[in-house]
Amino acid sequence: MADLFDNLPSPGPREETLAEGAVLLRGFAGDVAETLLAAVDAVAAAAPFRHLVTPGGYLMSVAMTNCGVVGWVSDRSGYRYDTHDPTTGEPWPPLPAAFLALAAGAAARAGFPGFAPDACLINRYEPGTRLSLHQDRDERDTGAPIVSVSLGLPATFLFGGLQRSDPTRKVRVEHGDVAVWGGPARLAFHGVAPLAEGSHARVGRQRINLTFRKAL
Ligand code: MD3
Ligand code: FE
């Protein structure tokens with residue numbers, strides 16, 4: 001039986017190709033956002049958010065923690081993946097099952113079936129904080145994509161090309177959006193513009209970003 005709604009326009013595409021290998025899945029994590037945030041709280045209770053020092057001696061404005069077999073760390077000696085949290089001396093907490101399921105589902109949807117991340121870097125932004133332009137090249141296997149999940153306050157991604165000097169595009173991401181960077185986009189330069197002031201109903205004055213990586 002047809003109903004009144006059958007003639008309404010279909011919702012716009014929630015899946016956008018930003019570049020070859022780079023796909024934005026708007027709202028993909030909307031239904032599991034609360035589960036993911038509860039898991040972030042559990043990870044942070046064991047491995048607290050901290051401001052890492054760059055090899056150049058600067059304190060990063062974005063606070064970070066990790067879960068997985070290895071976690072991404074930075075100090076005066078460089079960037080690397082480590083099995084242990086330097087703050088606690090303990091192994092990083094394991095990847096929560098909900099993290100693995102979401103990351104694999106998003107990667108498959110974007111054309112990368114079989115994605116099995118072993119690391120999740122969790123970034124916490126407050127208004128005014130930013131991530132300057134960089135490449136993610138500390139992973140052994142750059143054949144695997146990176147999956148990014150945005151939670152809390154909205155942000156603007158900057159993404160460029162394979163050279164630092166290439167022009168950058170801006171993409172606004174919101175709570176529940178998932179981006180997948182693989183194939184020819186995997187080593188593109190990217191960053192996050194300074195976070196605008198605001199308050200999110202669930203997380204307050206923060207943005208949380210999960211990046212899933214196959215590091216080993
Ligand atoms: C990759 N984090 O932790 S990926 C990082 O919002 C990091 O915290 C971002 O970059 C964040 O290393 C999420 C953002 C991103 C944007 C554009 C890209 C990654 C990209 C373009 C090409 C490849
Ligand atoms: Fe990055």
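The values are calculated or read from the model by the stated rules, or taken from the named source; none is laboratory data. This structure is a prediction, so every number in the text was calculated from the model and none was measured. No Cβ is skipped: glycine too gets one built from the backbone with ideal geometry, and neighbour counts run over all protein chains shown. Heavy atoms of the whole protein, side chains included, go into the accessibility calculation; ligands, DNA and RNA do not. Shrake-Rupley method; radii C 1.70, N 1.55, O 1.52, S 1.80 Å.
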Residue pairs within 9 Å by beta carbon, gap of at least six or interchain, first lying in region 111-125 and assigned to a strand (DSSP E or B), second open to solvent by 50 Å² or more (accessible area, probe 1.4 Å) and of a type in the set (Val, Ile, Thr), listed first then second, are Ala119/Val69
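Do the conditions hold for Ala103, that is, is it under 12 Å from the mean Cα position of the chain (by Cα), in contact (Cβ under 8 Å) with a residue 40 or more places away in the chain and within 30 Å of Tyr58 (Cα to Cα)?
Numbers: under 12 Å from the mean Cα position of the chain (by Cα): yes; in contact (Cβ under 8 Å) with a residue 40 or more places away in the chain: yes; within 30 Å of Tyr58 (Cα to Cα): no.
So Ala103 does not fit the description; no.
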Residue pairs qualifying under the 8 Å Cβ cut-off, at least six apart or on distinct chains, with the first in region 133-158 being at positive phi and the second being of a type in the set (Gly, Ala, Ser), are Gly152/Gly204
Does Pro184 satisfy being more than 17 Å from the chain's Cα centre (by Cα), touching a residue at least 12 places away in the same chain (Cβ under 8 Å) and near ligand 1 (Cβ under 10 Å from one of its atoms)?
yes
Of the residues in region 104-145, those that are away from ligand 2 (no atom under 15 Å from the Cβ) and small (Gly, Ala, Ser) come to Ala104, Gly105, Ala106, Ala107, Ala108, Ala110, Gly111, Gly114, Ala116, Gly128, Gly143
Listed by range, strands (runs of 3 or more DSSP E) wholly within region 146-216 having at least 3 residues that are away from ligand 2 (no atom under 13 Å from the Cβ) and open to solvent by 10 Å² or more (accessible area, probe 1.4 Å) are 169-173
